[in-house]
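The values are calculated or read from the model by the stated rules, or taken from the named source; none is laboratory data. In this text the structure is predicted, and so the values were computed from the model without any measurement. Cβ: placed from backbone, ideal geometry, glycine included. Neighbour counts: every protein chain shown.
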Amino acid sequence: MSRGGLFLVVMAGGSGTRFWPKSTSKKPKQLLSFGTTGTPTLLQQTLSRFDGLVPAENRMIVTTGSLSPAVAGQAPGVRILAEPQGRNTAPCVYWAAREVQMLDPDGIMLVMPSDHYIPDIEKFQATVRAAAGWAAQNGDLVALGVKPSRPETGYGYLRTIAASGPVGARKVETFVEKPDLARAEEYVKSGRYLWNGGMFIWRASVILEAFDRFMPELGKAWSAAGGDAQKAYPSMTATSIDYGVMEKAANAVTFELDCGWDDLGSWIALENMADVLGARREGGVVTGGELLAIQSGGNIVDAPGRLVAILGLSNLVVVEHGGAILVTRKDKAQDIKLVVDKIRQARPELV
């Protein structure tokens with residue numbers, strides 16, 4: 001094997017709480033499809049974006065042990081790293097980096113979530129190639145920053161300074177938490193801010209050096225367990241790669257991604273995909289079932305095999321799946337976890 005190859009690491013262990021009741025712990029959103037019958041699942045779409053870029057033998061998916069059979073069924077031939085327990089993204093990136101380094105000491109990791117929407121694959125791949133080339137030549141940690149299309153309050157941001165390298169490489173000054181609307185509008189207007197899409201590119205050796213500096217306890221746990229992830233995981237700090245490493249690193253840069261990206265974080269995100277999915281109807285967006293809307297508008301409906309009639313109500317989310325029905329205002333869609341927490345106590349079979 002030639003050294004310095006590209007390796008894809010897909011993080012697919014989340015539970016997709018905000019897409020309940022369609023998304024559950026047994027079959028979370030990354031294993032679901034949104035759209036007409038035959039549409040690939042979100043995980044399958046993620047993998048297909050790297051066709052022609054990363055060979056099958058260089059792909060791996062990090063997920064939970066309970067989900068690994070279902071994930072393997074959707075990704076034949078892809079190596080599965082089954083976590084013994086969820087510990088957020090820092091431990092899973094650490095484990096994957098160890099695996100890549102064993103296979104290729106100069107390997108370049110493309111770390112990607114499994115549940116994003118990206119319509120322009122050509123532009124996406126072009127940016128990934130440019131960022132991977134930069135990571136191969138420099139000891140930097142690259143975050144793909146998404147060009148904002150609106151003043152979004154549901155995403156974190158990357159504040160950048162003037163680029164010191166080739167066009168496309170921009171120094172990350174700081175990682176910014178989710179802003180309020182007024183601040184988000186300022187961010188978009190300034191041109192210095194990009195959405196933090198949670199997509200990263202780096203040499204495995206570089207991210208492992210960063211872990212040794214900022215989270216040395218991971219390396220200690222790994223060594224104490226003899227490199228056995230199943231034994232090391234319980235001792236690994238449960239935190240995100242953003243908080244554990246990226247927010248502290250002085251060598252973080254970003255490449256601007258302009259490919260129509262959107263984060264499928266909640267039911268509201270389907271409105272941004274409606275035209276591509278062919279889901280826009282009179283009265284709202286329908287990804288399953290039928291909608292009869294009278295004196296109503298702006299609703300989101302997913303109820304396969306059902307007719308949903310809405311009279312005089314607007315901006316609702318109505319979802320029916322697996323014996324459960326969710327009805328909420330769209331401005332509360334980010335808080336569905338509150339419902340799931342209650343149902344987990346009373347009806348755990350539904351979550």
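Suppose the filter is farther than 14 Å from Val93 by Cβ, assigned to a loop (DSSP other than H, G, I, E, B) and aliphatic (A, V, I, L, M); does Ala238 pass it?
Considered against the rule, which asks whether it is farther than 14 Å from Val93 by Cβ, assigned to a loop (DSSP other than H, G, I, E, B) and aliphatic (A, V, I, L, M), Ala238 comes out as no.
Go through (1) in a loop (DSSP other than H, G, I, E, B); (2) touching a residue at least 60 places away in the same chain (Cβ under 8 Å); (3) surrounded by fewer than 20 Cβ atoms within 10 Å (Cβ to Cβ) one by one and return the number of the condition Arg87 breaks.
Unmet for Arg87, out of (1) in a loop (DSSP other than H, G, I, E, B); (2) touching a residue at least 60 places away in the same chain (Cβ under 8 Å); (3) surrounded by fewer than 20 Cβ atoms within 10 Å (Cβ to Cβ): (3).
Does the range 247-265 contain at least one residue that is under 23 Å from the mean Cα position of the chain (by Cα), assigned to a helix (DSSP H, G or I), farther than 16 Å from Val62 by Cβ and β-branched (Val, Ile, Thr)?
Checked the range 247-265: no residue is under 23 Å from the mean Cα position of the chain (by Cα), assigned to a helix (DSSP H, G or I), farther than 16 Å from Val62 by Cβ and β-branched (Val, Ile, Thr).
If I go through the range 308-351 residue by residue, how many of them are outside any loop (DSSP other than H, G, I, E, B), out of contact with any Pro (no Cβ under 6 Å at 6 or more places or on another chain) and among the small types (Gly, Ala, Ser)?
Counting residues in the range 308-351 that are outside any loop (DSSP other than H, G, I, E, B), out of contact with any Pro (no Cβ under 6 Å at 6 or more places or on another chain) and among the small types (Gly, Ala, Ser) gives 3.
Sort through Gly289, Gly284 and tell me the only one that's touching a Pro at 6+ places or on another chain (Cβ under 6 Å) and on the phi > 0 side of the Ramachandran plot.
Sole residue among the options that is touching a Pro at 6+ places or on another chain (Cβ under 6 Å) and on the phi > 0 side of the Ramachandran plot: Gly289.
Look through Leu42, Leu8, Leu31 and report the one residue that is closer than 30 Å to Leu338 by Cβ and in contact with a Lys or Arg (Cβ under 7 Å, 6 or more places away or on another chain).
Details: Leu8 fails: closer than 30 Å to Leu338 by Cβ; Leu31 fails: in contact with a Lys or Arg (Cβ under 7 Å, 6 or more places away or on another chain).
Every option except Leu42 fails the conditions.
Going through Glu99, Glu122 one at a time, which residue ends up being among the acidic types (Asp, Glu), over 30 Å from Gln334 (Cβ atoms) and out of contact with any strand residue (DSSP E or B) (no Cβ under 8 Å at 6 or more places or on another chain)? I'd like the intermediate steps shown before the answer.
Working: Glu99 fails: out of contact with any strand residue (DSSP E or B) (no Cβ under 8 Å at 6 or more places or on another chain).
After ruling out the rest, the residue left standing is Glu122.
What pairs come up if the first residue lies in the range 114-127 and is closer than 20 Å to Val71 by Cα, the second is small (Gly, Ala, Ser) and part of a helix (DSSP H, G or I), and their beta carbons are under 9 Å apart, counting only those six or more places apart or on different chains?
So the pair list comes out as Tyr117/Ala269.
Name the single residue that is nearest to the chain's Cα centre (by Cα) among those in the range 301-315 being over 17 Å from Lys29 (Cα atoms) and buried (at least 19 other Cβ atoms within 10 Å of the Cβ).
Looking only at the range 301-315, we keep the residues that are over 17 Å from Lys29 (Cα atoms), and these are 305-315.
Of the ones still in play, those that are also buried (at least 19 other Cβ atoms within 10 Å of the Cβ) are 308, 310.
Working: Val308: 31, Ile310: 33 Å.
Here the residue is Val308.
For Leu264, work out the one condition from (1) at pLDDT 90 or above; (2) touching a Leu at 6+ places or on another chain (Cβ under 7 Å) it doesn't fulfil.
(1)
Any residue that is in contact with a Gly (Cβ under 9 Å, 6 or more places away or on another chain), closer than 30 Å to Val128 by Cβ and in a helix (DSSP H, G or I) - is there at least one of those in the range 275-288?
Checked against the condition, which is being in contact with a Gly (Cβ under 9 Å, 6 or more places away or on another chain), closer than 30 Å to Val128 by Cβ and in a helix (DSSP H, G or I), the range 275-288 yields at least one hit.
So that you can scan it fast, the table gives a plain yes or no per residue for (1) in the same structural domain as Gly133 (by TED's automatic domain parsing); (2) surrounded by 23 or more Cβ atoms within 10 Å (Cβ to Cβ); (3) touching a Ser or Thr at 6+ places or on another chain (Cβ under 8 Å); (4) under 26 Å from Ser235 (Cβ atoms):
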residue	(1), (2), (3), (4)
Arg59	yes, no, no, no
Ala96	yes, yes, no, yes
Val100	yes, yes, no, yes
Pro105	yes, no, yes, yes
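So how many residues does the range 245-272 have that are under 20 Å from Glu320 (Cβ atoms) and hydrophobic (A, V, I, L, M, F, W, C)?
Final tally of qualifying residues: 5.
Pairs needed: first member in the range 61-77, on the phi > 0 side of the Ramachandran plot; second member anywhere, buried (at least 18 other Cβ atoms within 10 Å of the Cβ); C-beta distance under 9 Å; at least 6 residues apart or different chains.
From the range 61-77, the pairs are Gly77/Arg59.
Give me a count of the residues in the range 20-40 that are touching a residue at least 24 places away in the same chain (Cβ under 8 Å), surrounded by 20 or more Cβ atoms within 10 Å (Cβ to Cβ) and either part of a loop (DSSP other than H, G, I, E, B) or touching a Pro at 6+ places or on another chain (Cβ under 9 Å) (or both).
So the answer is 7.
All but one of (1) crowded, with 19+ Cβ neighbours inside 10 Å; (2) part of a loop (DSSP other than H, G, I, E, B) hold for Ala232; which doesn't?
Exception for Ala232: condition (2).
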